[in-house]
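Enquirer: Questions regarding the structure given below will be posed in turn.
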Amino acid sequence: MLAAGPSDTNVVLVTVDTLRADRLGLYGYDRPTSPFLDELAGESVVFDRMFAQSSFTPPSHASIFTSLYVRQHGLLTWNWLDEGHVTLAEVLREAGYTTGAVANLGLLLQHNLGQGFEHRDQKDDGAERINLRAKQWLASIRGQKFFLWVHYFDVHAPYARHPGYERYFNEHHNPAVGRHMRYYNSEPATRRELRMTEADVAFIKDRYDGGVAFVDRALLGLVAELKALDVWDRTLLVVTSDHGESLDEHHPMYFTHDPFLYDAVIRIPAVIRFPGGRFGGARVRGMVESVDLAPTILSYLGLAIPLAFEGRDLMPMFRGQSEGREVVFSESWGWRTIKSIRTERWKLLWKIKADRFKLYDLEADAGELRDVSAEHPEVTERLKARLLKWADVEENPVRENPELDEEMRERLRSLGYMREGSQESLED
Ligand SMILES: [Zn+2]
């Protein structure tokens with residue numbers, strides 16, 4: 001069967017919050033966490049090394065939608081995306097798409113990531129319910145060309161909270177361990193207080209994988225719905241994430257993403273399934289960034305890429321006509337303000353308030369555990385100069401995070417994002 005032409009193509013963008021690339025079979029994980037996505041990858045273009053622009057949910061999504069880096073779009077943590085920015089949804093709506101989003105966490109209405117979406121369905125919900133709500137909207141707009149954004153929150157802490165998934169990969173441990181938010185973003189003091197053993201830590205890691213398996217099944221359900229609605233053959237599906245998760249790799253905090261820009265947190269999956277499985281099986285090994293997704297989608301559809309977009313069109317890459325990026329950049333404005341620059345071999349982290357730099361040799365130390373900035377001062381200086389130039393600190397001094405109102409604080413506290421005191425250990 002002939003694939004539909006780009007002008008008839010619907011777009012579905014799925015962002016799976018907190019999903020690490022390396023916990024998926026298609027990226028080499030040895031556990032069966034993602035049978036459906038692994039199979040879908042065979043008929044898709046898979047980006048082996050896509051990096052998120054932030055380790056924080058709203059800014060990272062804003063980078064996907066505006067194709068801008070965080071310092072440019074200004075959604076630093078939990079504030080409002082400035083309406084002057086052009087979003088992917090706005091471009092598609094302008095081009096005649098009916099646009100709809102089903103998302104968690106106040107992203108659409110509290111942070112303005114709903115800009116450009118006519119239908120904004122925002123409620124914290126499990127992936128199966130999200131699918132149901134997406135399906136209802138799709139059924140209501142039958143016959144219209146659409147752009148749908150689906151945001152799943154089920155991989156995020158507390159991990160594997162759905163019945164049947166707590167002990168999906170470890171049936172022997174006490175399922176109460178890791179069920180509540182107090183186990184997450186956990187510093188040494190919290191771990192002592194909870195008397196967490198090594199087996200408990202291992203179990204919570206198993207729970208993370210259980211959450212991935214849950215979402216994989218939800219993705220299967222979503223695609224089944226697209227098929228049932230008879231739109232699958234005319235749909236471009238993108239599956240990606242806003243950031244990964246540091247499990248127990250990096251001290252002092254376990255089961256978190258915000259304060260870190262290590263690869264565990266910024267390397268995200270990116271699978272693009274084109275209509276009819278076009279370009280299927282292509283693996284793109286070069287480094288790319290999540291700001292590149294929006295221009296790539298528009299390029300495939302034959303639509304003009306807004307001048308304001310910073311990202312690159314990746315279409316030439318999987319046709320073998322261009323290389324990956326030489327460097328990629330990420331930023332965190334949460335508990336710590338950090339910026340990073342990553343090359344094929346090196347990662348330089350800049351902790352801004354402390355004005356400290358850490359260098360990791362990714363070839364010798366893929367886990368980013370040993371700072372080698374003192375051993376490689378020339379590399380440190382070279383990357384530092386490049387990072388400072390990119391960050392444009394002269395023109396854009398380090399901004400302060402905006403004040404949050406009490407309602408927002410309460411919401412973030414319930415998600416484990418706000419903790420009073422005891423942050424000094426992070427300023428290492
Ligand atoms: Zn997130």
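Just so you know, all these numbers are worked out from the coordinates, no wet-lab data involved. Treat the numbers as computed from the prediction; the structure is a model and nothing was measured. All Cβ positions, glycine included, derive from the backbone under ideal geometry; neighbour counts span all protein chains shown.
Enquirer: Go ahead and set up a Gaussian network model of the chain, Cα springs under 10 Å, then flag whichever of 242, 48, 30 fluctuates most.
Expert: Checking each option, the largest mean-square fluctuation is seen for 30.
Enquirer: What spacing in nm lies between the two simple spin-label points modelled at residue 308 and residue 356, each 7 Å away from Cα in the Cβ direction?
Expert: Result for the modelled spin labels: 3.8 nm.
Enquirer: Order of 271, 86 from fewest to most other C-beta atoms within 10 Å? Spell out each step's value before the answer.
Expert: Numbers: 271 24, 86 19.
In order of increasing Cβ crowding within 10 Å: 86, 271.
Enquirer: Would you give the gap between the C-alpha center of the range 88-113 and the C-alpha center of the range 338-393, rounded to a whole Å?
Expert: Centre-to-centre distance over Cα atoms comes out at 35 Å.
Enquirer: Looking at the range 75-149, which GluC sites (Glu not before Pro) are DSSP coil and have at most 16 other C-beta atoms within 10 Å of their C-beta?
Expert: Details: sites: 83, 90, 94, 118, 128; in loops: 83, 118.
Loop-located and lightly packed - 83, 118.
Enquirer: Under a no-solvent Debye model with one identical scatterer per Cα of the chain, what's log10 I(q)/I(0) at q = 0.12, 0.13 Å⁻¹?
Expert: Summing over Cα pairs of the chain leads to -0.98, -1.17.
Enquirer: About the Cα centre, and with charges only on the beta carbon of Lys, Arg (+1) and Asp, Glu (-1), how big is the dipole of the chain? Nearest 20 debye, please.
Expert: Numbers: 52 positive and 66 negative charges, 134 e Å.
Taking the Cα centre of the chain as origin, the dipole is about 640 debye.
Enquirer: While we're on this one: Which of the trypsin sites (Lys or Arg not before Pro) found in the range 332-395 are in a DSSP loop and have at most 12 neighbouring Cβ atoms, other than their own, within 10 Å?
Expert: Values: sites: 336, 339, 342, 345, 347, 351, 353, 356, 358, 370, 382, 384, 386, 389; in loops: 336, 345, 353, 370.
Within the range 332-395, the qualifying trypsin sites (Lys or Arg not before Pro) (loop, at most 12 other Cβ atoms within 10 Å) are 345, 353, 370.
Enquirer: If you don't mind, there's one more thing I want to ask. Please give, to one decimal in nm, the separation of the simple spin-label points placed at residue 136 and residue 319, each 7 Å out from Cα toward the Cβ.
Expert: The answer from the label model is 4.2 nm.
Enquirer: Here's another thing I want to ask about it. Determine, for 251, 173, the number of other Cβ atoms within 10 Å of each Cβ, and report the residues in order from fewest to most.
Expert: Numbers: 251 13, 173 17.
Listing 251, 173 from fewest to most nearby Cβ atoms yields 251, 173.
Enquirer: At 7 Å along the Cα-to-beta-carbon direction for both residue 285 and residue 229, put a label point, then send me their distance in nm to one decimal.
Expert: The two pseudo-label positions are separated by 3.8 nm.
Enquirer: Give the residue list of trypsin sites (Lys or Arg not before Pro) in the range 179-230 that are DSSP loop and have at most 10 other beta-carbon atoms within 10 angstrom. Working shown, then result.
Expert: Numbers: sites: 179, 182, 191, 192, 195, 205, 207, 217, 227; in loops: 179, 195.
When the trypsin sites (Lys or Arg not before Pro) of the range 179-230 are filtered for loop state and at most 10 Cβ neighbours within 10 Å, 195 remain.
Enquirer: How much length is gained if the chain between residue 278 and residue 369 is pulled fully straight, taking 0.36 nm per residue apart and subtracting their Cα-Cα distance, in nm to one decimal? Intermediate results must be reported in sequence, preceding the final value.
Expert: Details: separation 91, 0.36 × 91 = 32.76 nm, distance 4.01 nm.
Stretched out fully, the residue 278 to residue 369 stretch lengthens by 28.8 nm.
Enquirer: Got a sec? How would 344, 171, 166 order by Cβ neighbour count within 10 Å, fewest to most? Spell out each step's value before the answer.
Expert: Numbers: 344 13, 171 9, 166 25.
Going from least to most buried by this count: 171, 344, 166.
Enquirer: Set the bar at 18 Å for Cα to Cα. Now go through 145/227; 123/205; 347/389; 123/227; 353/384 and name every pair that lies beyond it.
Expert: Values: 145/227 15 Å; 123/205 27 Å; 347/389 16 Å; 123/227 25 Å; 353/384 15 Å.
The answer is 123/205; 123/227.
Enquirer: So what J values fall out for the range 85-91 if you push phi through Karplus, 6.51 cos²θ - 1.76 cosθ + 1.60 with θ = phi - 60°, rounded to Hz, Gly and Pro as x?
Expert: 6, 8, 10, 4, 4, 5, 5
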